[in-house]
1. In debye to the nearest 20, how big a dipole does the range 67-266 give about its Cα centre with +1 on each Lys and Arg Cβ and -1 on each Asp and Glu Cβ?
2. Obtain the nm distance between the two label points defined at L31 and S298 by a simple spin-label model: each point lies 7 Å from its Cα along the Cα-to-C-beta direction.
3. Can you classify the range 277-364 as rounded, prolate or oblate using the Cα gyration tensor, where a ≥ b ≥ c are the square roots of its eigenvalues, rounded means a/c under 1.5, and otherwise it's prolate if a/b beats b/c and oblate if not?
4. Fewest Cβ neighbours within 10 Å first, please rank R250, R133 accordingly.
5. Using alpha carbon centroids, what distance separates the range 279-295 and the range 44-94, in Å?
6. Do you know the relative contact order of the range 67-266, to the nearest whole percent, from alpha carbon pairs under 8 angstrom that are 6+ apart?
7. Near the amide H of T119, under 5 Å away, which other amide H atoms are found, from residues 5 or more places off or on another chain, if H is placed in the peptide plane?
8. Using the Cα centre as the reference, give the magnitude of the dipole from point charges on the C-beta atoms of the chain (Lys, Arg: +1; Asp, Glu: -1; all else neutral), rounded to the nearest 20 debye.
Amino acid sequence: MTLNPRNAEFASVRLYEAETSVATIAARHGLDPAGILDFSLNINPFGPPKGAIAAAQAALGACHLYPDLRFSRLRQAVALRHDVPEDMLFFGAGLDDVIKLLIHAWTSEGCTVLVHLPTFPRYELEANLRGCRVVAVESPSPEKTDLAAFDAALAREAIALAFICSPNNPTGERFAIETIADLATRHADTIFVVDEALINPAEDGAMALPTRLANVVVLRTFSKYFGLAGLRIGYAVADPHLVAVAEVGRPPFNLAVPSVEAAVAALADVDFLAHCKTTFAAEKDFFIAAMEAIPGVSIRGSNANMVLMDFTNQAPAAVAESLAAQGLVVADATSFRGLEHYRALRVSLRGRADNERLVAAIRTVA
């Protein structure tokens with residue numbers, strides 16, 4: 001078998017998800033996995049709504065059947081939530097799947113894809129694997145995107161897809177809706193993919209744009225606030241013509257029946273998101289205040305329960321390893337391109353007792 005050289009090149013790409021898994025840390029340090037606290041992946045640490053669990057369990061009795069090909073119940077519920085036509089929705093097994101499918105549907109080998117750095121690395125990885133040329137705009141300060149340089153790249157290059165992550169992973173930066181609309185209006189030949197995976201789903205965000213601008217696509221997920229990361233449900237809202245092209249390549253039945261039913265139930269729980277927002281805000285305020293009191297630690301950005309911080313006197317890999325030895329898993333943010341030369345770690349906060357344990361440990365290693 002001959003290995004595709006392009007795929008071989010990216011086989012060595014650092015992925016913090018793999019480096020910081022609980023199983024890997026437990027094996028490395030001889031720890032009981034049950035006692036390890038994972039702050040590395042951005043999830044809802046309090047789990048999904050109870051109704052979503054019950055709905056998934058009830059659906060298990062129908063697991064011998066294939067899902068509805070169009071996921072009609074979920075499609076109707078999401079369309080109602082965002083006040084968009086049902087034919088503007090495209091579903092995948094998490095946003096990683098959606099991103100891959102959309103890149104394959106809307107680009108060809110040799111097309112140019114634009115990203116801002118630092119950001120979610122999957123855009124660049126999937127575009128490269130597709131055979132696209134990636135243009136990456138890096139800013140003088142990682143927590144604030146150089147919009148002038150981003151705009152200049154759009155004017156200079158024939159960009160097929162431009163990814164905008166808002167709130168940005170890992171910095172928490174938000175892009176004004178008017179800014180996105182202006183870019184899309186002036187660069188009408190580019191498809192702008194706005195990734196709102198980290199937004200509170202109760203917020204409208206950029207969701208109004210795809211109905212008025214055919215070249216704007218908005219991505220959402222059930223993995224974060226809704227607490228359904230393990231069930232893998234993501235979706236895009238896009239012009240029906242773009243969706244129709246992407247549907248050609250979507251694997252049939254790519255969402256499991258329990259996942260669909262859990263997502264429908266989660267959408268119906270109107271109190272869950274409000275409770276999570278309040279709790280996330282309180283824990284973030286507590287943690288940031290504690291970090292700001294530690295010499296050598298500074299905050300670069302945050303969003304919901306996610307915090308990006310710098311360590312002045314310690315290499316992030318060393319800090320992460322010291323914390324791992326204590327059963328506390330964090331993400332070495334230097335795996336994000338654009339943060340390689342910083343001393344950055346990213347954490348996704350949990351409940352107060354767990355967060356207090358992390359604060360105490362950081363005090364000993366900062």
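Since every read-out is calculated from the coordinates, none of them should be taken as a lab result. Treat the numbers as computed from the prediction; the structure is a model and nothing was measured. Reconstructed Cβ throughout: ideal geometry from the backbone, glycine too, with neighbour counts over all protein chains shown.
1. Values: 17 positive and 25 negative charges, 79 e Å.
Here the size comes out at about 380 debye.
2. 2.9 nm
3. Details: a/c = 1.59, a/b = 1.31, b/c = 1.22.
Verdict is prolate for the range 277-364.
4. On the way: R250 19, R133 15.
By the 10 Å Cβ count, ascending: R133, R250.
5. Centre-to-centre (Cα) distance: 34 Å.
6. Numbers: 367 pairs, mean separation 55.1, N = 200.
Result for the range 67-266 is 28 percent.
7. Hits under the 5 Å cutoff: R337.
8. Values: 31 positive and 41 negative charges, 86 e Å.
Its charge dipole is roughly 420 debye.
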